[in-house]
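Q: Would you mind keeping the following structure in view while I ask a few things?
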There are 4 protein chains.
Amino acid sequence: MLIVMHSVASDDEVEAVAQKVRDLGFQPHKMPGAQRIAVAITGNPGPVDPNHFSHLPGVAEAVSISKPWKLVSRETHPHDTVITIATPKLEATLGGGVFGIIAGPCAVETREQTLAAARAVRASGARFLRGGAFKPRTSPYSFQGTKLEGLKILAEARAETGMPVVTEVIDPSHVELVAEYADVLQIGTRNAQNFALLEAVSQIRKPVMLKRGMSSTIQEFLMAAEYIVKGGNYQVILCERGIRTFEPMTRNTLDLGSIPLIKRLTHLPIVVDPSHGTGDAGLVAPMARAALAAGADGVMVDVHPDPQTALCDGPQSLRPTEFAALMDSLRAIGQAVGASLP
Amino acid sequence: MLIVMHSVASDDEVEAVAQKVRDLGFQPHKMPGAQRIAVAITGNPGPVDPNHFSHLPGVAEAVSISKPWKLVSRETHPHDTVITIATPKLEATLGGGVFGIIAGPCAVETREQTLAAARAVRASGARFLRGGAFKPRTSPYSFQGTKLEGLKILAEARAETGMPVVTEVIDPSHVELVAEYADVLQIGTRNAQNFALLEAVSQIRKPVMLKRGMSSTIQEFLMAAEYIVKGGNYQVILCERGIRTFEPMTRNTLDLGSIPLIKRLTHLPIVVDPSHGTGDAGLVAPMARAALAAGADGVMVDVHPDPQTALCDGPQSLRPTEFAALMDSLRAIGQAVGASLP
Amino acid sequence: MLIVMHSVASDDEVEAVAQKVRDLGFQPHKMPGAQRIAVAITGNPGPVDPNHFSHLPGVAEAVSISKPWKLVSRETHPHDTVITIATPKLEATLGGGVFGIIAGPCAVETREQTLAAARAVRASGARFLRGGAFKPRTSPYSFQGTKLEGLKILAEARAETGMPVVTEVIDPSHVELVAEYADVLQIGTRNAQNFALLEAVSQIRKPVMLKRGMSSTIQEFLMAAEYIVKGGNYQVILCERGIRTFEPMTRNTLDLGSIPLIKRLTHLPIVVDPSHGTGDAGLVAPMARAALAAGADGVMVDVHPDPQTALCDGPQSLRPTEFAALMDSLRAIGQAVGASLP
Amino acid sequence: MLIVMHSVASDDEVEAVAQKVRDLGFQPHKMPGAQRIAVAITGNPGPVDPNHFSHLPGVAEAVSISKPWKLVSRETHPHDTVITIATPKLEATLGGGVFGIIAGPCAVETREQTLAAARAVRASGARFLRGGAFKPRTSPYSFQGTKLEGLKILAEARAETGMPVVTEVIDPSHVELVAEYADVLQIGTRNAQNFALLEAVSQIRKPVMLKRGMSSTIQEFLMAAEYIVKGGNYQVILCERGIRTFEPMTRNTLDLGSIPLIKRLTHLPIVVDPSHGTGDAGLVAPMARAALAAGADGVMVDVHPDPQTALCDGPQSLRPTEFAALMDSLRAIGQAVGASLP
């Protein structure tokens, strides 16, 4: 922490800042500059809250130095976290050099639609099945999901194909129920800072896929993961799914530059969702390929047996044949970049 | 709804779109243009989901025409919604020409701090008391609020000053408890699209203050309000509290242009939170004055008896004397613009 | 400048940073923290370029402390800069407590249209005439302005009404020509970091109105003004005209919170353009009133005798009667906030 | 164009809109809906300016249907534009399946530094040399480039290595001079809507590399290219270099989703600048690989023989050895995706 004083700050004001540092149990260091003085703090075991200082008379700015995350930090834990889930028919891995493929319908609509999608993506090499039973929708008049019925359909799809199930939970009171059916609990972008929900999933012992908030900074994204890990659940998969920008032609702006940056900062695996990240089926395959080339640990792709009839996000869903072609191109790139693909 | 075809779309593709319109029970109108053809839809009672069309072969774009909100629309209900809450000592009003003043500490820290703030803001003319008992914080290591204890302190402050209490709820399972103590339930910016929470507060019969999500468009903001009203709770106060932009010098960018726009689109009252909207105590009074001049129905202001010691958001809190001065200037502007102030 | 080292930086790496500081002629101060070490710099007369350090081995971050602007800083020059322009018929002032009114058509289309607008705004109290002769347009197929002919029309309008003329210059080679006809040269938002143009207008001795870039931070905005002042032209009027955000319902997001912040940081006057800032005639008057209440030094408003026929930006232009009503309401608010209005 | 009326619009208002359509020479089609009426336009040869209608009484919205670009559109010209430049020692190609590599120092500082960078990148396979002689800088106190001296150094580097030179032009009056030395003229992000400069480079017959404005939408980006092509210069290379968002950890947010979208919309080649797009040397190689996998036609990479001493943008520059390693990985991915690399 460095507290920068105004150029007209008085000696008394500087001393008051120094005293406040001492009161907190740390050491102040007055550093005279050419234009202004600053007070540095040492002796603090971790980040100091800038609010202690920023309102004191004469203070221009309180600059934090330490990063505020701890448990998810790669400095704390240098080795990659790897997620492995075994079902009776399949062992699915993501992270640590294994590029995980999560695919399936955006929403579970019917038993037939879900099983058709699951069989198709499994046949092409997917290892995890995605599918939304509880759907957060901007409009209260839009389809809200098949809920418990959808969870049962997903469980049936897992029983048949062996793929562990990734599905969203939107209410802290549903966590136990969803965890009964799902293998990975997804936190959606609109709940990225729903701390009650983050704390609820921190108490279970199943992996959590945490989507980046559409307006979350990378720091906020990691702090949200810190909530889950602090609660005792170390199995967190991060998911970059695009941020909100001024560009209207795509649904979101996929921030692939975050991938190598996040890999540097944290040991948690990160996957990319090119379907929601672009909202445009024609951009999904190029962005999935780019995610792999950028060093992501996996992708999550919407696949629907008949996108034209989809109740939710049809325009961004791949057909099974398109998904199969994507898998072929991902395998070729995986060889080029040294990533292992199923 | 207008479905615009690609310039190379075939006659069969255009007819398939027209048939899909008929299948949905509406009338298609093929409209040949110079470069391309479009298919317009009539006979629909409300918005048509563009997803029905955007994935059909040959379709370039499906353009929605109708607005998706209904119950909160000023077209549906032309008269201003006015919120009035009577406590044994005070009748507090907001909307319909009465500029509501909501003030108090960002967080309820102690009984003394909260009562001191409440007395001070009441003495200067505030009609509603704000104060957070459950605090959503970016870091799990930050102060998380005094919770139930805080609710009790707020109730005591109401008993003494007469001001109805505005406080945040962050978990659907807490709604009943918070509603027991609070007069207005606040939904925070990070929960602006937490639909489980919106549905929970739609079931109570106390006013809800809904903050705009930091990345919510005005349309999404109104759709979130629609969730609450659709559930049967008509007493919704909107709150503009700044959006996230590229500008780093302020905590958020207060979007005051949204005020007259939202007044045009909806009958619900809208207040402005200049404290969270700027994060800078020196900007709070100018922005509160600007909010009144722009036509807002009220402001919500952080006031702390001693901002330097605040556990949360001290740098944006006014001192009681600063708040009193702000009230004087608001009264002067209120006279100029024809708004009634306490 | 504070150079923060990685937690695993070696002693040699820290010493290399210290030596680099000495090589630049300043004093390094090694400051051991609990998790990591930092090196502070003193003895520097102004900002130090972080690029000197950010690529050295072991460096995590180089944090600038000093602000990079000098001549436009209020610390350098505490008193408000006031712009006064006298024509044979009128003395027009802006800044220092005088709220300046700049009004006129977005584009100079015809002699009749411009004179009609000029007479109308003058009759209602405007002191400066705006009007674009050279129009920067997103599309090469849009109306590009009446150019030299337009400048002559503006000069005629000045001769008749007495109002000094504010008009845009878009090419460094036109500066001399435009300055021959105009009293204030405007730099548009798309040229906010066109440094060749900024340097060209720094060489003339007429006031410059510098619009904020639609994606300029406040720091970049002030640095652009610094270019002009550094060249010797001290008469700069800043203009907040909205920034680009994710919100699609308004053309830009007017950042009124920047007004009190900029008044704190610089001595230059700042005006608000609610016409381009919102793109919606219905929002212009509320935002002009809000600008005055927020402490701006003036407003610039599009007024067109017949907005329906405007060749450019008709939807945001006020009719003369609407402008007259706005002036009345501004005078009332001016009295309330202690600003002087014509 | 579809003109949507308010739900309360009168018959006379609808007829006035229809008459306006006829006055413009087109055909109006009144389309009654359940809630409101709309007027569609046919017979227009291209886009109709919405400003003709949006201010008429009773009009809620004027929705454009046609895209406003023509000459750069892939609908107009379906085949990829390929850029080929031959120097006495080398034929350099970009586009049409050939992945172009542009590399060199951000700024031309000295003859030695530039030649060292040029030799190194040529040895690793680069086909185009980048280097800035005229540098647009946020601060007037920063290094502004070596200007004419720098152009001469670049010409010398071309003579020795054979690589055609890409360098920036920042003033319309410099275009002739820069074109004398350079093979490709670069328009920087801050000049992306500097229409005077765009028109100036439209008049030369050398390729132009147009960088996307940091706040340009894809539509605005293509319209800027349209300015150049409309002037008669068909050799335009687009460059995605990141957009400005709320994320502070990277200098910009590289929008790789724009690559396949732009390839769909236009025949012009598009390259990616991962150096300015991230501002972080550690992210350059992953983002260059992602750009190739996403379907870009090339990359432009900052390479400096000694990044620690760079006068400009050192933290984002690769060392020659890092660049050589990047080239190896790009060749491997190129084989996987079917792109030809040198």
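The values are calculated or read from the model by the stated rules, or taken from the named source; none is laboratory data. All values derive from a computational prediction rather than experimental measurement. Note: ideal-geometry Cβ built from the backbone for every residue, glycine included; neighbour counts use all protein chains shown. The accessibility values were calculated without ligands, DNA or RNA, using every heavy atom of the protein model including side chains. Shrake-Rupley method; radii C 1.70, N 1.55, O 1.52, S 1.80 Å.
Q: Which ones in the stretch B:266-279 are facing chain C (nearest Cβ under 7 Å) and charged (D, E, K, R)?
A: Across the stretch B:266-279, there are no qualifying residues.
Q: Need the failing condition index for residue A:339 against (1) over 19 Å from the mean Cα position of the chain (by Cα); (2) modelled with pLDDT of 95 or more; (3) more than 30 Å from residue A:69 (Cα to Cα), just the number.
A: Condition not satisfied by residue A:339: (3).
Q: Condition (residue is more than 25 Å from the chain's Cα centre (by Cα) and among the aromatic types (Phe, Trp, Tyr)) applied to the stretch A:61-82: is it met by at least one residue?
A: no
Q: Picking from D:278, D:321, D:309, which residue would you name as being closer than 30 Å to residue D:110 by Cβ and within 18 Å of the chain's Cα centre (by Cα)?
A: D:278
Q: Identify all residues within the stretch B:61-97 that are more than 12 Å from chain A (Cβ to nearest Cβ) and small (Gly, Ala, Ser); write none if there are none. Explain how you work it out, then say what you get.
A: Filtering the stretch B:61-97 down to residues more than 12 Å from chain A (Cβ to nearest Cβ) leaves B:63, B:65, B:73-97.
Across the stretch B:61-97, the qualifying residues are B:73, B:86, B:92, B:95, B:96, B:97.
Q: I want to confirm something. Restricting to the stretch A:218-236 and keeping residues that are of a type in the set (Gly, Ala, Ser) and closer than 18 Å to residue A:264 by Cα, which single residue is surrounded by the most Cβ atoms within 10 Å (Cβ to Cβ)?
A: Among them, the one singled out is A:224.
Q: So, one more: Working only within the stretch C:4-53, note down all residues that are open to solvent by 60 Å² or more (accessible area, probe 1.4 Å), part of a loop (DSSP other than H, G, I, E, B) and in contact with a Ser or Thr (Cβ under 8 Å, 6 or more places away or on another chain).
A: The answer is C:34, C:35, C:47.
Q: OK, next. Would you check which residues across the stretch B:319-337 are of a type outside the set (D, E, K, R) and within 14 Å of chain C (Cβ to nearest Cβ) and list them?
A: The answer is B:325, B:326, B:327, B:329, B:330, B:332, B:333, B:334, B:335, B:336, B:337.
Q: Moving on. Can you tell me how many residues within the stretch A:111-164 are over 24 Å from the mean Cα position of the chain (by Cα) and on the phi > 0 side of the Ramachandran plot?
A: Looking only at that region, the number is 1.
Q: I need every pair where a residue in the stretch D:314-342 that is touching a residue at least 24 places away in the same chain (Cβ under 8 Å) has its Cβ under 8 Å from the Cβ of a residue that is charged (D, E, K, R) and assigned to a helix (DSSP H, G or I), sequence separation at least 6 or different chains.
A: Filtered contacts from the stretch D:314-342: D:326/D:289; D:329/D:289; D:330/D:289; D:333/D:289; D:337/A:289; D:341/D:331.
Q: Continuing with the same structure: Of everything in the stretch A:198-253, what is of a type in the set (D, E, K, R) and in contact (Cβ under 8 Å) with a residue 60 or more places away in the chain? Give them in sequence order. First the steps, then the outcome.
A: Of the stretch A:198-253, the ones of a type in the set (D, E, K, R) are A:199, A:205-206, A:211-212, A:220, A:226, A:230, A:240-241, A:244, A:247, A:251.
Once the filter is applied, which keeps residues that are of a type in the set (D, E, K, R) and in contact (Cβ under 8 Å) with a residue 60 or more places away in the chain, the stretch A:198-253 yields A:211, A:226, A:230, A:251.
Q: Got at least one residue in the stretch C:218-240 being of a type in the set (S, T, N, Q) and at the interface with chain D (Cβ under 9 Å from one of its Cβ atoms)?
A: yes
Q: Being in contact with a strand residue (DSSP E or B) (Cβ under 9 Å, 6 or more places away or on another chain) and touching a residue at least 60 places away in the same chain (Cβ under 8 Å) narrows it down to one of A:42, A:81, so name that one.
A: A:81
Q: Taking the stretch C:204-254, which residues are within 10 Å of the chain's Cα centre (by Cα) and aliphatic (A, V, I, L, M)?
A: C:208, C:209, C:210, C:218, C:222, C:224, C:225, C:236, C:237, C:238
Q: Also, quick follow-up: Hey, residue B:261 hits all of (1) surrounded by fewer than 24 Cβ atoms within 10 Å (Cβ to Cβ); (2) at pLDDT below 95 but one; which does it fall short on?
A: Of everything listed in (1) surrounded by fewer than 24 Cβ atoms within 10 Å (Cβ to Cβ); (2) at pLDDT below 95, residue B:261 misses just condition (2).
Q: Same structure again: Restricted to the stretch B:1-23, and to residues that are within 22 Å of residue B:67 (Cα to Cα) and at the interface with chain D (Cβ under 10 Å from one of its Cβ atoms), which residue is farthest from the chain's Cα centre (by Cα)?
A: B:4
Q: So how many residues does the stretch A:177-206 have that are closer than 18 Å to residue A:135 by Cα, open to solvent by 20 Å² or more (accessible area, probe 1.4 Å) and either aliphatic (A, V, I, L, M) or within 13 Å of another protein chain (Cβ to nearest Cβ) (or both)?
A: Final tally of qualifying residues: 2.
Q: Go through the stretch B:57-108 and tell me which strands (runs of 3 or more DSSP E), entirely inside it, have 1 or more residues that are surrounded by fewer than 23 Cβ atoms within 10 Å (Cβ to Cβ) and of a type in the set (A, V, I, L, M, F, W, C).
A: B:59-63, B:83-87, B:90-94
Q: With the condition kept exactly as written, say whether any residue in the stretch D:69-84 is in contact with a helix residue (DSSP H, G or I) (Cβ under 7 Å, 6 or more places away or on another chain) and under 26 Å from residue D:333 (Cα atoms).
A: No, every residue in the stretch D:69-84 fails to be in contact with a helix residue (DSSP H, G or I) (Cβ under 7 Å, 6 or more places away or on another chain) and under 26 Å from residue D:333 (Cα atoms).
Q: Would the stretch B:143-161 turn up any residue that is in contact with a Lys or Arg (Cβ under 8 Å, 6 or more places away or on another chain) and without any contact (Cβ under 8 Å) to a residue 12 or more places away in the chain?
A: Yes, the conditions are met somewhere in the stretch B:143-161.
Q: For residue C:295, which of the numbered conditions (1) open to solvent by 10 Å² or more (accessible area, probe 1.4 Å); (2) on the phi < 0 side of the Ramachandran plot; (3) not β-branched (Val, Ile, Thr) fails to hold?
A: Exception for residue C:295: condition (2).
Yes or no, residue by residue, for (1) in contact (Cβ under 8 Å) with a residue 40 or more places away in the chain; (2) of a type in the set (S, T, N, Q):
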position: B:57; (1), (2): yes, no
position: B:61; (1), (2): yes, no
position: B:87; (1), (2): yes, yes
position: B:103; (1), (2): yes, no
position: B:115; (1), (2): yes, no
position: B:129; (1), (2): no, no
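Q: Can you tell me which residue within the stretch C:293-325, out of those that are at pLDDT below 95 and outside any loop (DSSP other than H, G, I, E, B), is nearest to residue C:79 (Cα to Cα)?
A: C:316
Q: For the stretch C:270-292, give me each residue that is of a type outside the set (A, V, I, L, M), open to solvent by 10 Å² or more (accessible area, probe 1.4 Å) and either assigned to a helix (DSSP H, G or I) or over 15 Å from residue B:255 (Cα atoms) (or both).
A: C:276, C:282, C:286, C:289
Q: OK, next. Being more than 7 Å from chain C (Cβ to nearest Cβ) and within 18 Å of residue B:281 (Cβ to Cβ) is the filter here, so list the residues in the stretch B:242-265 that pass it.
A: If the condition is that a residue be more than 7 Å from chain C (Cβ to nearest Cβ) and within 18 Å of residue B:281 (Cβ to Cβ), then B:242, B:251, B:252 are the ones that fit.
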